[in-house]
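**Q** What follows is a single structure, and I will ask about it in a moment.
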Amino acid sequence: MAKVRGAIVVDIERCKGCEVCVVNCPTDVIAMSKDVNSKGYHYAYMEHPDDCTGCTNCAIVCPDGAITVYRIKN
Amino acid sequence: MKKNLSEDFSMEDSLEQIIQEKNLVYRPTRLMTGATLSYCPGCGHGTIHRLIMEVVEEMGIQAETIGVSPVGCAVLAYDFMDVDFTEAAHGRAPAVATGIKRLWPDKYVFTYQGDGDLAAIGTAETIHACNRGEQICIFFVNNGIYGMTGGQMAPTTLEGMVSSTTPYGRNVEQMGPPLKITELVAQLAGTYYVSRQSIHKAATVRKAKKAIRKAFEVQKEKKGMAFVEFVSNCNSGWKMTPNEANQWMEDHMFPFYPLGDIKVDGKLVKNVIQDL
């Protein structure tokens, strides 16, 4: 089986780059992109997608509701 | 012969496998309108808006819910939450909500107010609505500062806290001590559920959502006033990054504004006199 169990999708245009998700991720999956969105914010992305467990912590603390979470339920 | 699958999958392949509708575990609620929030990056307002809408969605009461928005940063709350909304004059949200609820006793009515709105100009409306035990929910966002107007001192500003009108820190001899309005209203007979929550960490967000749910349940059962305070940050006003502001809030706000339920089922569960 593939190792990855969870994944997040960040709505890049909604992300304001506040980094609250980064410190709330228990497995340090999320980092801020070097690129910016159309408003000039560095948006969040999965730097280590292998480690994502789909715990939803990042999504529920996101003030702008920019994160959707998927998880393979075994 | 079956090959070892893990060798075959590139990362893109496995992500595609996970990102499918059947594996969805969390999506932002559709009761948020999708309009871009007017709040600063990292501001707690967005999270609290979303939690209220998640509870409304789970209870299936979108068509029966009416919000009253304040004056302050959340003045445009009606643009973001997809329920019926009205705008009140500064501080008058509990009075407006009282009128709506008395005319439509079966609707769910909530106010959404900041500390400048609820604890300063609207103190009278807040205290009297709580004292009368109006069957509404009040959601109170406390960031210890007047955020929208440029970070001036609010009644909730902590002792020694720097704001644009207290550049040397709040001097309690001159300006009085900060006002714990939540502990104050908890002592009134009309309040049935009073709680203080925060939304800066995943665990506290989950607790805050339960408190919002409880507040709406109290209103459903027509037990009395439900009052939930959220200690939140104002990273722009505090001149910090969002994560620094959250840490500062933990270190400085929480000792003065301790989290947790204050009044449950009409009975005080904390010694609020001592806390005042």
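**Q** Conditions first: (1) modelled with pLDDT of 95 or more; (2) over 22 Å from A:V61 (Cα atoms); (3) not charged (D, E, K, R). B:V272 passes all but one, so which condition is the exception?
**A** B:V272 satisfies every listed condition except (1).
**Q** If you don't mind, there's one more thing I want to ask. In the range B:175-211, how many residues are open to solvent by 10 Å² or more (accessible area, probe 1.4 Å) and either away from every other protein chain (no Cβ under 14 Å) or closer than 14 Å to B:G224 by Cβ (or both)?
**A** The number of residues fulfilling the criteria is 12.
**Q** Okay, next question. Residue under question is A:A31, and the condition is that it be touching a Ser or Thr at 6+ places or on another chain (Cβ under 8 Å) and either among the basic types (K, R) or modelled with pLDDT of 95 or more (or both); does it hold?
**A** When the stated conditions are applied, A:A31 does not pass them.
**Q** Could you list, in sequence order, the residues of the range B:36-55 that are open to solvent by 40 Å² or more (accessible area, probe 1.4 Å) and either outside any loop (DSSP other than H, G, I, E, B) or in contact (Cβ under 8 Å) with a residue 24 or more places away in the chain (or both)?
**A** B:S38, B:C40
**Q** For the condition open to solvent by less than 70 Å² (accessible area, probe 1.4 Å) and touching a His at 6+ places or on another chain (Cβ under 7 Å), what is the one hit in B:M225, B:M249?
**A** Details: B:M225 fails: touching a His at 6+ places or on another chain (Cβ under 7 Å).
Going through B:M225, B:M249 in turn, just one is open to solvent by less than 70 Å² (accessible area, probe 1.4 Å) and touching a His at 6+ places or on another chain (Cβ under 7 Å): B:M249.
**Q** Also, quick follow-up: Let me confirm something: among A:T53, A:T68, which residue is open to solvent by 40 Å² or more (accessible area, probe 1.4 Å), in contact (Cβ under 8 Å) with a residue 40 or more places away in the chain and within 11 Å of another protein chain (Cβ to nearest Cβ)? So that I can check it myself, show each step before the final result.
**A** Details: A:T68 fails: open to solvent by 40 Å² or more (accessible area, probe 1.4 Å).
After ruling out the rest, the residue left standing is A:T53.
**Q** Going by the conditions given, is B:E58 open to solvent by 60 Å² or more (accessible area, probe 1.4 Å) and either touching a residue at least 60 places away in the same chain (Cβ under 8 Å) or among the small types (G, A, S) (or both)?
**A** Against the criterion (open to solvent by 60 Å² or more (accessible area, probe 1.4 Å) and either touching a residue at least 60 places away in the same chain (Cβ under 8 Å) or among the small types (G, A, S) (or both)), B:E58 qualifies.
**Q** Filter the range A:20-47 for residues that are assigned to a loop (DSSP other than H, G, I, E, B) and open to solvent by 80 Å² or more (accessible area, probe 1.4 Å); which is nearest to B:L37 (Cα to Cα)?
**A** It comes out as A:K39.
The values are calculated or read from the model by the stated rules, or taken from the named source; none is laboratory data. These numbers were taken from a predicted model, which means no experiment stands behind them. Here the Cβ is made from the backbone with ideal geometry for all residues, glycine too, and neighbour counts use every protein chain on show. Note: accessible area is taken over every heavy atom of the protein model, side chains too, but ligands, DNA and RNA are not part of it. Shrake-Rupley method; radii C 1.70, N 1.55, O 1.52, S 1.80 Å.
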